[in-house]
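Down below is the structure, laid out as structure tokens.
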Amino acid sequence: MTSEGFYDDEENLKKLCDFLRGKEGPPVREAIEMDKRVYYLKGEKLVNFLVEPKKGTKWPSNLPKFKTRQEAIAVCKQLCDAQFIHRSEKRGKGDLVISQNREFDESGYFTWIYEGDKSFSNMMTALLVAGFLFCTCFPIWPNFLKVFVWYMSVTLLIFIFFLISFRGAVFLCVWILGFECW
């Protein structure tokens, strides 16, 4: 697979962004831009990573590797045009401001706008809201559920009490013998 023309499709650019934003991607720094915490990196580091990834990086099999710096720079320009990253300027330590210059340049700093798939985050938020509503509706639960929750709570409380007591007794015995544990 060659990278020429492959990254013209926005879906393929998203796959590349998912890889670059993941654990295997290039190292990024945190900063504040427009009162929001953002991740940024230098253009040169992004191009270097695309051309020659850091040692131990497993490049995804569904993405073609870059053979030249010019290919990597062209894809970085596409990332800017598709607004997955934008150019920023350093105003101070840990403080960025959006640059007026929108072109990709290896000497510039680039902030990630792309956040990836948010379906897991949305699902967890929905579960949190549903769990909250479930707990606040406790007064209207049927009696058998209230009794079940009561028994589970008391069982857990007794288990924790005996676990702490057992650990304390073991610690005391070991401490009397002259050893330190925990």
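The values are calculated or read from the model by the stated rules, or taken from the named source; none is laboratory data. Quantities reported herein were computed from a predicted structural model and do not represent experimental measurements. FYI the Cβ positions are ideal-geometry reconstructions off the backbone, even for glycines, and counts take in every protein chain you see. Keep in mind that these areas ignore ligands, DNA and RNA; they rest on the heavy atoms of the full protein, side chains included. Shrake-Rupley method; radii C 1.70, N 1.55, O 1.52, S 1.80 Å.
Using the structure shown, decide if Leu96 is surrounded by 16 or more Cβ atoms within 10 Å (Cβ to Cβ), within 16 Å of Glu11 (Cα to Cα) and not polar (S, T, N, Q).
So Leu96 fails the test.
Can you give me the number of residues within segment 38-69 that are acidic (Asp, Glu) and free of Cβ contacts under 8 Å to residues at least 40 places away in the same chain?
1
Does Ser153 satisfy being open to solvent by 50 Å² or more (accessible area, probe 1.4 Å), over 25 Å from Glu30 (Cβ atoms) and hydroxyl-bearing (Ser, Thr, Tyr)?
For Ser153, the condition - open to solvent by 50 Å² or more (accessible area, probe 1.4 Å), over 25 Å from Glu30 (Cβ atoms) and hydroxyl-bearing (Ser, Thr, Tyr) - is met.
Please verify whether segment 118-135 includes one or more residues that are under 30 Å from Leu16 (Cα atoms), in a loop (DSSP other than H, G, I, E, B), in contact with an Asp or Glu (Cβ under 9 Å, 6 or more places away or on another chain) and not aliphatic (A, V, I, L, M).
The answer is no; no qualifying residue exists.
When segment 1-30 is examined, which residues are found to be under 20 Å from the mean Cα position of the chain (by Cα) and more than 18 Å from Cys80 (Cβ to Cβ)?
Those that are under 20 Å from the mean Cα position of the chain (by Cα) and more than 18 Å from Cys80 (Cβ to Cβ): Gly22, Lys23, Glu24, Pro27, Arg29, Glu30.
Look at Ala82 and say whether it is free of Cβ contacts under 8 Å to residues at least 12 places away in the same chain and out of contact with any Phe, Trp or Tyr (no Cβ under 8 Å at 6 or more places or on another chain).
no
Could you list all residues from segment 41-70 that are open to solvent by less than 40 Å² (accessible area, probe 1.4 Å) and outside any loop (DSSP other than H, G, I, E, B)?
Correct list: Leu41, Gly43, Leu46, Val47, Phe49, Leu50.
Kindly list, by first and then second residue, each pair from a residue in segment 100-120 that is open to solvent by less than 70 Å² (accessible area, probe 1.4 Å) to a residue that is assigned to a loop (DSSP other than H, G, I, E, B) and among the hydroxyl-bearing types (Ser, Thr, Tyr), limited to pairs with Cβ atoms under 8 Å and residues at least 6 apart or on different chains.
Taking only residues 6 or more apart or on different chains, the pairs are Gly108/Ser99.
If you scan segment 73-86, which residues turn out to be open to solvent by 60 Å² or more (accessible area, probe 1.4 Å) and under 21 Å from the mean Cα position of the chain (by Cα)?
Gln83
So how many residues does segment 166-182 have that are part of a helix (DSSP H, G or I) and open to solvent by less than 100 Å² (accessible area, probe 1.4 Å)?
Qualifying residue count for the region: 7.
On the given criteria, is Glu89 open to solvent by 90 Å² or more (accessible area, probe 1.4 Å) and part of a loop (DSSP other than H, G, I, E, B)?
Taking the combined requirement at face value, the residue does not satisfy it.
Give the number of residues within segment 1-38 that are hydroxyl-bearing (Ser, Thr, Tyr) and loosely packed, with under 14 Cβ neighbours inside 10 Å.
1
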